[in-house]
Amino acid sequence: MLWLVLILAGALEAVWATALAASDGFRRRRPTLLFAVSLVLSMLGLAWAMTGLPTGTAYAVWVGIGAVGTVLLAVARREERLDAPRAALLVVLVGCVAGLKAVA
């Protein structure tokens, strides 16, 4: 259960990072509201997951999911390009996150 919460919290990290960029310095209401709500939920999920998972592992997995998710959201929104080296590095990052889960 804690791993599922951690994965969802990591996905929400990608949401709040994307919403933060879209908020235009908190001048746009909807992205700002989405940022605030997803930030709070993401942090609560991380905190809950850390009650039963090692802190370093939980944080690394949360950041990794958030980083990959943020890049994929930017690619989906056509704000960034995904070239072969970048895709390969994201695959390595996902492998590292999966490895941390496997050994924790």
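Where a number appears in this text, it was derived from the coordinates with a stated rule and is not lab data. This one's a predicted model, so the numbers in the text were calculated from it and none came from an experiment. Virtual Cβ from ideal backbone geometry, glycine too; neighbours counted across all protein chains shown.
The label-point distance for Leu2 and Lys101, in a model that sets each label 7 Å from Cα toward Cβ, rounds to 1.5 nm. Mean-square fluctuations from a GNM of the chain, with a 10 angstrom spring cutoff on Cα atoms, peak among Val91, Val63, Val71 at Val91. With contacts taken as Cα pairs under 8 Å and at least 6 residues apart, the chain reaches a relative contact order of 33 percent.
How large is the translational diffusion coefficient of the chain in µm² per second when you combine the Kirkwood radius over alpha carbon pairs with Stokes-Einstein at 10 °C and 1.306 mPa s? Reported coefficient: 112 µm²/s.
At 0.36 nm per residue, minus the direct Cα-Cα distance, what do Val40 and Phe26 gain on full extension? Give it in nm, one decimal, please. Mind dumping the intermediate values first?
Values: separation 14, 0.36 × 14 = 5.04 nm, distance 1.61 nm.
Result: 3.4 nm gained on full extension.
Going from the residue with the fewest nearby Cβ atoms within 10 Å to the one with the most, Met1, Met50 rank Met1, Met50.
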